Structure formats: structure tokens, C-alpha cells
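Note sheet for the following structure.
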Amino acid sequence: MNPDILKEERNKEWRSELRSRIKAKERTNIPRVKMPELEPEIRVKYQNREVNKGLDVAQAQREASRCMDCANPTCMEGCPVSINIPKFIKNIERGEFLEAAAALKETSSLPAVCGRVCPQEKQCEAHCFYVDKLKKEAVAIGYLERFAADFERDSGKSNIPGTAKPNRIKVATVGSGPSALSFAGDMVKLGYDVTVFEALHEIGGVLKYGIPEFRLPNSVVDFELENLKKMGVKFQTNFIVGRTASFDDLKAQGFKGFFIGSGAGLPRFMDIPGENYNGIMSSNEYLTRVNLMDASSDNSDTPVIKGKRVAVVGGGNTAMDSVRTALRLGAERAIIIYRRSEAEMPARIEEVKHAKEEGVEFMTLCNPLEYFADSKGRVNKMRLNKMELGEPDASGRRRPVPMEGSEFELDVDLVIVAVGVSPNPLVPSCLPDLKVSRWGTIVVDEEKMQSSIPQMFAGGDIVRGGATVILAMGDGRKAAENMHLHLKNHSANH
Amino acid sequence: MSNLNVKYLGLDLKNPIIAGSCGLTNSIENLVALEKSGAGAVVLKSIFEEEIYLEYAHEFSQLGPLDNNLEFLDYYDYEIKKDNLKHYLDLVREAKSKLTIPVIASINCVTAQEWGFFAKKIEDAGADAIELNMFLLPSNLSHNSLDHERIFFDVVSRVASKVEIPVSLKISPYFSTLGSIIRDLSFSEIKGLVLFNKMYSADVDIESEKLIGTGVLSHGDDYRVSLRWIGMMAKRVNCDLSASTGVHSWQTIIKLLLAGANTVQIASVLYKEGFSVIEEFQENLQKWMSQHGYNSIKDFRGKLSLNNETNLAEYERVQFMRNFGDYK
Amino acid sequence: MNKIISKEYFSDKVVKLVVENPLIARSRKPGNFVILRIGEKGERFPLTIAGADPVKGTITLVVQIVGVSSSKLVALEPGDHITDLVGPLGKPTDIRKIGTVLAAGGGVGVAPLLPIIEAFKKAGNRVVTVIAARNKDLIILEDEAKKWSDELIIMTDDGSYGRKGLVTAGMEEIILREKIDECIVIGPAIMMKFASMLTKKYNIPTQASLNSIMVDGTGMCGACRVSVGGKLKFTCVEGPEFDAHQIDFDEMLMRLGGYKEEEKKANEIYSQKI
């Protein structure tokens, strides 16, 4: 964000007045707010009840008053989409919640989403003045972001960001996940005619099929999508770019630029014996059945296997989502099997904490070796190895080494393999000229997010492998900015 | 002309000279050339457990800021392993389609876990046999000899139980009761023992005061350990024996065959002198055989192996005293 | 879009539907399939495209009623809309001029076989087709199959139509009397397994089109995974056709039964509702 604009905003009268209202010492003495949570015993019964209940007005304003409105807001350095953090927080402090939401929407297309799923503890909050200078807990930026976005949604008075005059230039996205939506939001603001093409029958990508209702309700996602529609973004579901129509077909229809955000929708398996037995599935399959197809409810036609003794292999957020879903679907035992120690799990600490409260068992330093099944081919047992941590490797992580003679067996009737996902090859396979890495990710110029094909930009998991929603959004924004420049130069030369 | 045919691991080889597992047996071009030069069989370059881990660590360090990709990278070694294994299976398949001589795949492993599964895939890809290369230095201080030995039997039984094709095992001589181990292993599921592994040793560079690796190639005298143990055990084992390390001349080949080896494996000499050395060896072998009146390998193989009645320990002591003691 | 243009019953269990979808009609190739959904709570399920008319902008689907989703689809009438329809998915059949092609279709598998034999015939091959079913009522698309075959043999288990015997009997007779360069088999998994075993005996390269369980159909979930030559493949992106002799049919058959309990229960509930 332009430092002059930041300064200008900060010097506005209401901001200076707000700063002087409370003394610095008073602000820093306020302890960080605790997010109200639904009790574990209740929440494990419901797939669709959010665990974090959200702050109320009093809590939000008090927390907002902790923010020092720094002259040099280091928190913003940690935000991949450059939200003007002090501006929105100070608006909350002074009670202008809709203004706060508007401030968020200046740069983020999905504020209610970010407020819930961003790893703020590694991003904005990690760079907060409180952490850097006072060694205290950061301002709860994430909770406040969610508060503002939810307030606006509940008020029914949604602010639709302004868009420039239509320039009639058509651009398309491949995919409708966070990177594509972010790209679409920025492009439509710049006046472009944006169409989002989605292969599935629902828009939102991983926001809909991957993240469970108890973390990110689909209704919240739908609301943000409505806003994009109101801004003029067009959505086309059941459309696979490259198959339903080719890229050439779309170019012939006038599309001048493409943003590929087709995501990391390719499940990974460990390739160990017995992995193809029934009742062993990828986290993608499990979560898609439950989150997208609502398989756990009786009136949905899509079935899902409801295991009583469920093992989830992996240690990331996807593994947490899967194991907590299994619990909600009636598992008597829901177990995480992770080959390293808990400290090394990629999952957010908050997710691990919630999982433990709900009764998830953690078998760390364990790794599956083989699966066994009954006569019908349904998994009923798995054999595992205990691991120990050996020497650190080049990356500094200690390497898990199997402990000789430590094998043991575990009765299971459902296994979710959540060891990571890879880029979905469908779109790259339709573009032979597209430069793709050995691992299937699209190679882009990291500053511009431009691929080896000039009018194709890409971002999100298809470029990064598998990363976070917010990074995908950051990519979308960067791509929009650069495609805009590219198209301007391109048309100027014609 | 004498016939050089031998049987090894139940396979028919046109001669006992096998191109052993090394950097040269990893490409289809080389394998075809080795067959053309007369090799009786080839053992493919080993697929290493360690290799996969090293590549993973490398990829890990390449791919961007750790925290953001951690979930993607956490189990990435499985992807690398799958990719490497895929290439290995492709090599096996291609080798089988282009070669007429037996193709033996090689797995270099320290644990049994996943290799049984992979061994089945190697079999499906068409390999004629699998050579397990277990270079396990007994340096684990928490193990006693039984613990150390058990690992070998464990790995063998896990792999052999998954495949129908013959499995052989290449070992080092570092066992406290090497004789018993060779005999006992020969009675396990394996069909052949390869004696012995080329020990990779370290040395010191006194100028830089650092530990360095020594050359990987063997020397012409290195065959002696294999010679002695094959000589002693050939009549006491229940499987084939293949001599490995230090086989640099046709004379050495004959010595080892006389001692009781079914086949010999060459590697370093291929680096030093090129593939044509195989033809030379064959010619010289045949010349020697005809000079000594042998029509086939089995006419003289094992002629010098110690027979069952000889008490090995006593025999050893007598030889020792003969050479070093006063008793002449 | 996705409007049902016409509906025709081949038997009380097998229905032909012509659906309006100009985009798919235009870009589809023989061997491709679509994923459909009926109703907001419907599940996603695959159907091979049995034919298409790019000019009219329609595709033809042939459905066999086996459970809830197929029942719901068949309950639609001309004028109704399919809630969601996406495609074309899967790798198209590799059509080339090779000589003589033996095509074998079991039951409703004849429908997806049609565009393939049409393409092989148009490419200049001699096409010998065997279609088989349990009885006369289940033999479908005979005229269409005849149109694109140099020779058509019909087999029924009970002999009520054509010749009595299994599809493999019909195939073997042809194999023994003339040289077959390639074989393509489509039908119930168990039929494809035995047909494949037959052609393996005679070393005839064979492609089988698999009907694995699918959820998304775009390679995202792995539900359709199958072992081919020891390697893991996804039916929806690398298939649906694979080298039949390398397919682990036993594993595939086992995976097809993965949701049997749930499907049975759902079907019971559905039949009570209607």
C-alpha cells in the first residue's frame, strides 16, 4: 500500500482524536481478548456449527482499542493482500463497523473468509507491535476482521465497492477458489468484463469443498460471492476450460486474458500395501462428500462412509479438518497419525487445540505401513511403525526414522489419507506450451504471476503446490495488477 | 569350444560373468552394450533408500518459505519415492524388452518395511530376480550380534514372501560368526548369496584435517576375502554363491570358480578397462579350460572347495602356522 | 441448457435420453463421459456419452436403472432440465486405422461402444461387433451397432435372441477364424474381466472402458482409482479406457462394491418415497 495514502489516512482528524482518547499505557494493559468458543461436547455433534462464535460489540471495541495505530504499521507487512489494518481496526474502535468492513473490502474480496481461516499468528499478528516490542500477545487482528465482516453481513447493509467504467475487455478465470475470486474482484473494480469458470457445480473451490462448515460456513462464502456478483462478476459453473470449450474457443469469443487458479485438486496417496481397499480414501474425497455434497445429511443422495474407528494420516489443517469431521459423523475413536512430533505439525495451533478439546487422539511419531481388509475388501486393520526423530536435515527439520521392531496394529474401519495434495493436471494438460515444473505446478514469474504464455497468469495452489487461502488471494491480486498492465500495454501497441 | 553355461538363482546364464550393480548398469544404452560385450547377466544399479531422502531434503530447501508450504511438503518424500520408483520400474521394463540375458534388479535398503511391496512391482515389471544389497555396518552400539543378524533374516523373509522370482542377498563380511551366518542365510528364502559388498571406506586428508571418501573402485587384490569364504563355505551352503569385489582379471575369475563360486560379478574393471574386457575374459577362460581339459564350468567349479569333513577352524590354524609359524 | 429433448425406453430398465448441451456436443470425442446431478441434493455420477449431434447441439445418454440417481434421471420427462451436467471428461479413445477391430459390448455397455465403433469404422477399419446380454429384452441399439459394423453377432445367456452363450464365446469364435488387431470391451466389470482374460490368451491388444465410482470426475478425489500395471491411475482423467491386460480387475470389482450398503439403503428409502 502506498505509504503516502497510509499517512494521509492516519492523519485524519478522527484518527488523531481516537489516538489521544486513551493513553498508551492504558491500551497496553488490556489483555488480549479470548474468542468465545462453542463447548466441545456440543460442537462434536454438529457438522455445521461454528466452533469460534465471534466477538460481540463490546469485546471487539475493547480489543480494537489495544491497537496503537502505529506510524509504521508493521502488521501490514505480514498481510499478503495488504489490508489497511490500522484503518479498519480504528473504525471498529470508534464504532463505525460498516466503515471498517468497507476498509477491508478495499483490498480483500473475502474478508469474512480471511478472518476465519488465515494463519494470522504467522502473518499480520506475528509482526504486531505488541509481539515485536512488548513481547506480549498481538492485537487479535483476525478476530476483528471477522467481526467487521460478519457485522456488515448481518446488518444487511453491504457495501459494494465501486467499479471503474466498463472497458469491455473480457478476461476469464479458470477455477473459482480464493485466488480466482480475488483476481476477479480486483479486475472487475478496474472495469473489466470478468467471467469465472468453474468445473464443479458450486462456486468457491476449496472454500466450499475443502474447509468444513464448522470452520467456514458455506453461507458465509455465498455471501461474499453475492457481493462479487453485484459488482458485475459473471459466474459459469459446470464448465471445464480446456474441455467444455478450449482456450482457443474462448479467445475466439473475445477473452483477452486468463487467470489459472485451478488449485491443488489432486490427491496424494502413500503407495503402501492395501491402500486401495474400500474405506480408505483421500481427504479430498472425504471432505468433498461431506462439505460440498452434504453427504452426512439424510436428504443428500451422496453417501459417505461413517466410520467408528477412524484414522487420519497427516498433520496439516486438512488432516485436522478430516479427523474433526469424522468425530462429528459419529466416530467413537478419531485418531491423527503423524510421523513427526506435534511441534512439527503444519496445522494451525488453534486447530490442534480445538481437535484435542473435541476428543481427537493424537498418535504422533507413528507411520502406517500396511492396511488389511475383511473378505469384502473393507479395511479393518492397519499396521504402523513408531518413529523417532533423527538428525536434522538441510532444512533444519529432524528426520523421522522408523524404530526397529516397533510395529503394532490398530483396528480401523475408515482411513483418511491427508498427506497433502498436488496440482490438478487437467488444465495444464490442455496447454502443451505452458511451462510446468516436475511436480505439476505452473511456473510463473514471481513478481507478475505471469506464466510462459503471455496472456495466461496463474496463482494459488496450482503455482505454490499447496498453501493457504490468503496467499492464493495475494497471488490473485498480484496477477490482476499485472494482467491489467500487460493488457494496457498490449492494446496500446495495437 | 567349451561351453560356459551356468545356472544361477535357477536362471540359465550363457557364462558366469555378471555385470554387477554399479553406476554403469543404470541406463538402457549401457545395458544393451554390456549384453553385446558378452555379459552373462546384468544387475541393475541399486535403488537406494537414502537417495530418496537426500532428494527430498534438497527439494524441501528449494521450495519457498517453509511455513507456507509445509503442509504440501511434509510427506513429499513419498512423492519423490514414487517418482524414483516409477523410473526404476520403467528401466526394468525397458531392459527386459531389449535384453535377452537375465536382468536382476537391485534394492539397497536398511529396513524391510516398504521394500516387500516394491519388490512385487519389480517382479511385475518383469525382472528375473532381485538382489538385496544390505550394507549394514554393525556400528549400532545398542545392538548385539543377534539383533544385527536378525535384521537380515527379517528383510529377506519380508521381501521373499512377496515375490515368486528368486531373491539373492549381498552382504559384507562384518559378522562375528560369518561362517554360521552364511550357512544359515543360505537355508533361508534366498536363492543366492553375493560375497561380498565393496566396503566404502573413509580416509583422512591431513592437510585439510577432514574426513574424506576414498576411491569407490576396488583393487585387484580385494577378491581374497571372497575367495577364502567361498572356498570354505561352497560345500556347506544351500544356495548359489556369487563372488563380488576385486574381480579384475580372468585369472581371478577362474580362482573363484575353482573355490566354488557359481558366478562372479564385475564392476570396477568395467570402469577401468571398458566393456570389451568381458570378451577378453571369456576368451581366456575358454583357453584355460581347453588347456586343462574341461568341457564345461561344472567340470571344475568347486574343485578346491573344502569338503564337509574338514574342520574349518583347524584348517585355518594350520594354514596360519604354516605361513607364519615355525611349523613348516 | 441441459433440457431433455427426447426420451425412449429400450426396456423397462434401460432408457435413452437426448439432452441439449451445445458445448459438450461440439467438443466431445468418442470415449468421453459426462458427470450429472439430478436435483439440488443429487449426487454426482458419470455416464458415457453414447452419441452427439453438434449441429443440433445435443448429446445422447443411455441409462440403466440401478439405484437412486439413475432412477431420478429416468423419472425426468422431455422439457425437464438436468440440474448439473459437465463434460466432456476422460481421455478420448485412441482411434486409428489398424486393420480389424473386435468390439464387445455387454448389456448397457453397447451404448458407449457405439461412438467408438463408428469412429473405428470411419477410420477405415474392419469392425466385428459382439453384443451380449442376459436375455432379449436387454439387447439394445442393435440397429445402430449393425450400421457401424462389418459383422454383428448377438449373444444372449438364455438364447432368447441371437445365439445362446456368453459374450466370450462369441468373441472366441471370431478370434479363431480371423486375425484381430485390436479389441475393445465395454460392459459390466466382470464381463470385461473375462473378455480380457480371453484376449490375453491370444495376445490381442485390448482396451476396456471402466465404470469406476466417481465423485467429482476431474481427478480431484481419487475415488475412481484403479491399479493398471501396478501403477495407480484415475479412471476419470487417465481413463476411462485402459490396457485391459494390465488392469487389476479383482481390485476394481472390490472397489465397485465400496458403497453397496449405503446404496442399498438409499434405494430402499427412495423406492418407498415414490
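The values are calculated or read from the model by the stated rules, or taken from the named source; none is laboratory data. Note that the structure is predicted; figures quoted are calculated from it, not measured. Cβ atoms come from the backbone with ideal geometry, glycine included; neighbour counts cover every protein chain shown. Please note that ligands, DNA and RNA were not included when accessible areas were found on the heavy atoms of the full protein model with its side chains. Shrake-Rupley method; radii C 1.70, N 1.55, O 1.52, S 1.80 Å.
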Quiz item: Do we find a residue being open to solvent by 30 Å² or more (accessible area, probe 1.4 Å), in contact (Cβ under 8 Å) with a residue 24 or more places away in the chain and under 30 Å from A:Gly232 (Cα atoms) anywhere in segment A:109-126?
Solution: no
Quiz prompt | Selection within segment B:274-311 - among the acidic types (Asp, Glu) and not in a helix (DSSP H, G or I) | solution = B:Glu309
Quiz item: Which ones in segment C:228-248 are more than 13 Å from chain A (Cβ to nearest Cβ) and either surrounded by fewer than 15 Cβ atoms within 10 Å (Cβ to Cβ) or of a type outside the set (Asp, Glu) (or both)?
Solution: C:Gly229, C:Gly239, C:Pro240, C:Phe242, C:Asp243, C:Ala244, C:His245, C:Gln246
Quiz prompt | Unmet requirement for A:Asp249, which otherwise passes all of (1) of a type in the set (D, E, K, R); (2) touching a residue at least 12 places away in the same chain (Cβ under 8 Å); (3) under 26 Å from A:Val436 (Cβ atoms) | solution = (2)
Exercise. Show the residue pairs that are 6+ apart or on different chains and have beta-carbon atoms under 9 Å apart, the first residue being within segment A:428-440 and more than 14 Å from chain B (Cβ to nearest Cβ), the second being surrounded by fewer than 17 Cβ atoms within 10 Å (Cβ to Cβ) and of a type in the set (S, T, N, Q).
Key: A:Cys430/A:Ser246; A:Asp433/A:Ser452; A:Leu434/A:Ser452; A:Lys435/A:Ser452; A:Val436/A:Ser452
Quiz item: Residues in segment A:352-364: is at least one open to solvent by 20 Å² or more (accessible area, probe 1.4 Å) and within 14 Å of another protein chain (Cβ to nearest Cβ)?
Solution: yes
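If you go through segment A:375-417 one residue at a time, how many are within 14 Å of chain C (Cβ to nearest Cβ) and open to solvent by 80 Å² or more (accessible area, probe 1.4 Å)?
2
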Self-check item: Residue selected from segment A:441-460 under the condition polar (S, T, N, Q) and part of a loop (DSSP other than H, G, I, E, B), by the criterion nearest to the other protein chains (Cβ to nearest Cβ)
Solution: A:Thr441
Quiz item: How many of the residues making up segment A:243-266 are more than 19 Å from A:Ser179 (Cα to Cα), within 14 Å of chain C (Cβ to nearest Cβ) and either part of a helix (DSSP H, G or I) or open to solvent by 10 Å² or more (accessible area, probe 1.4 Å) (or both)?
Solution: 8
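Looking at B:Leu178, B:Leu195, which is the one that is under 18 Å from B:Cys109 (Cα atoms), open to solvent by less than 60 Å² (accessible area, probe 1.4 Å), among the hydrophobic types (A, V, I, L, M, F, W, C) and modelled with pLDDT of 90 or more?
Working: B:Leu178 fails: under 18 Å from B:Cys109 (Cα atoms).
Sole residue among the options that is under 18 Å from B:Cys109 (Cα atoms), open to solvent by less than 60 Å² (accessible area, probe 1.4 Å), among the hydrophobic types (A, V, I, L, M, F, W, C) and modelled with pLDDT of 90 or more: B:Leu195.
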Self-check item: Where A:Asn424 falls short, out of the listed (1) of a type outside the set (Phe, Trp, Tyr); (2) within 14 Å of chain B (Cβ to nearest Cβ); (3) closer than 30 Å to A:Leu327 by Cα; (4) open to solvent by less than 10 Å² (accessible area, probe 1.4 Å)
Solution: (4)
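For B:Ala243, are the conditions met, namely being closer than 30 Å to B:Arg317 by Cβ and assigned to a strand (DSSP E or B)?
Working: closer than 30 Å to B:Arg317 by Cβ: yes; assigned to a strand (DSSP E or B): yes.
Against the criterion (closer than 30 Å to B:Arg317 by Cβ and assigned to a strand (DSSP E or B)), B:Ala243 qualifies.
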Quiz item: Residues in segment A:56-76: is at least one under 23 Å from the mean Cα position of the chain (by Cα) and more than 26 Å from A:Glu13 (Cβ to Cβ)?
Solution: no
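This table checks each residue for (1) within 25 Å of A:Ser341 (Cβ to Cβ); (2) facing another protein chain (nearest Cβ under 10 Å); (3) at pLDDT 85 or above; (4) within 22 Å of the chain's Cα centre (by Cα).
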site: B:Glu29; (1), (2), (3), (4): no, no, yes, yes
site: B:Ser37; (1), (2), (3), (4): no, no, yes, yes
site: B:Leu44; (1), (2), (3), (4): no, no, yes, yes
site: B:Phe48; (1), (2), (3), (4): no, no, no, yes
site: B:Glu51; (1), (2), (3), (4): no, no, no, yes
site: B:Glu59; (1), (2), (3), (4): yes, yes, no, no
site: B:Asn68; (1), (2), (3), (4): yes, yes, no, no
site: B:Tyr88; (1), (2), (3), (4): no, no, yes, yes
Quiz item: Taking helices (runs of 4 or more DSSP H) that do not extend beyond segment A:138-238, which have at least 1 residues that are within 18 Å of the chain's Cα centre (by Cα) and free of Cβ contacts under 8 Å to residues at least 60 places away in the same chain?
Solution: A:141-155, A:218-231
Quiz prompt | Residues of segment C:76-127 classified as within 13 Å of chain A (Cβ to nearest Cβ), in a loop (DSSP other than H, G, I, E, B) and either more than 16 Å from C:Phe33 (Cα to Cα) or open to solvent by 10 Å² or more (accessible area, probe 1.4 Å) (or both), total | solution = 3
Quiz item: Within segment B:257-268, can you find the residues that are without any contact (Cβ under 8 Å) to a residue 60 or more places away in the chain, in contact with a helix residue (DSSP H, G or I) (Cβ under 6 Å, 6 or more places away or on another chain) and not in a loop (DSSP other than H, G, I, E, B)?
Solution: B:Ala259
